[in-house]
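Student: Encoded as structure tokens, here's the structure I'll be asking about.
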Amino acid sequence: MKKIDSAASVQQTEFKKKRTRLAPEVRREQILEAALVEFNALGFTAASLSKIARRAGTVKSNIYVHFADKDDVFETLLEGLMARSQGNWSRMQDVQNAAEFIERFIDSAYASLTDDTIAIARLLITEGHRVPHLLAKWSAANVQARRDRQALVDRFVAEGKLKPSPLTEHFSFVMAPVVYSAVTQMVLGKEQAMEEVLAVKETHRKLLAMLLRPA
């Protein structure tokens, strides 16, 4: 009987450890990290707030302190992906020439291929059709972001910093090698894909130099 009591005591202690009071922003981030794992493991429909809470070391009611529902959690993950992309492009605003533009773009684009970015991208591909309302909302925000990026490229072309070409006319096409690298990571795993991704990155850099540097 003592052994059973002891085991129960250990379990209670472990649960209390997991439920340590944290700053709201820290707890919110833990919930998002747990949700990303659950969504990728089980799919959006099968993942529940209870399972997400358990993985995050909290209780379901605490999730409602930070998020309205499961849709809100999913949408927040997508917004985070968009925010990182926008943050990368904000670094491009003050470039002085094509060489600087290319270096900043290549470095930020391939640095963005983190584990969580790949996980969210995989989630979009596999589960997006299950939440069309969220996907439509994310897509609308993405359209505006693409327009903003295109406007920046158009400005650099007008200023003579970039050479006009079919690429600058529809600059979203520039992301094709990055998307290929992301898919390669999804299929092969980060370690096995590393050599191919590095080769693509260097080839991408050379192609942009050929296409964007003014004569």
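Student: Mind checking which residues of the range 126-140 are of a type in the set (A, V, I, L, M, F, W, C), loosely packed, with under 15 Cβ neighbours inside 10 Å and closer than 30 Å to residue 101 by Cα? If you could, list the steps in order and put the result at the bottom.
Tutor: Let us first name the residues in the range 126-140 that are of a type in the set (A, V, I, L, M, F, W, C), namely 131, 134-136, 138, 140.
Subsequent filtering for residues that are loosely packed, with under 15 Cβ neighbours inside 10 Å retains 136, 140.
Matches in the range 126-140: 140 only.
Student: Tell me which residues, restricted to the range 151-189, are among the polar types (S, T, N, Q) and either in contact with a strand residue (DSSP E or B) (Cβ under 8 Å, 6 or more places away or on another chain) or within 24 Å of residue 118 (Cα to Cα) (or both).
Tutor: We begin by selecting, within the range 151-189, every residue among the polar types (S, T, N, Q); these are 165, 168, 172, 181, 184-185.
Matches in the range 151-189: 172, 181, 184, 185.
Student: Taking residue 118 as the residue in question, decide whether it is of a type in the set (Val, Ile, Thr), crowded, with 16+ Cβ neighbours inside 10 Å and in the same structural domain as residue 185 (by TED's automatic domain parsing).
Tutor: On the way: of a type in the set (Val, Ile, Thr): yes; crowded, with 16+ Cβ neighbours inside 10 Å: yes; in the same structural domain as residue 185 (by TED's automatic domain parsing): yes.
Judged against the criteria, residue 118 is a match.
Student: Just the residues that are assigned to a helix (DSSP H, G or I) and over 17 Å from the mean Cα position of the chain (by Cα), please, taken from the range 88-135.
Tutor: Going through the range 88-135, the residues assigned to a helix (DSSP H, G or I) turn out to be 88-90, 98-111, 115-130, 132-135.
Within the range 88-135, 98, 99, 100, 101, 102, 103, 104, 129, 130, 132, 133 qualify.
The values are calculated or read from the model by the stated rules, or taken from the named source; none is laboratory data. Not measured: the values here are computed from a predicted model. Glycine gets a Cβ as well: all are built from the backbone with ideal geometry, and neighbour counts include every protein chain shown.
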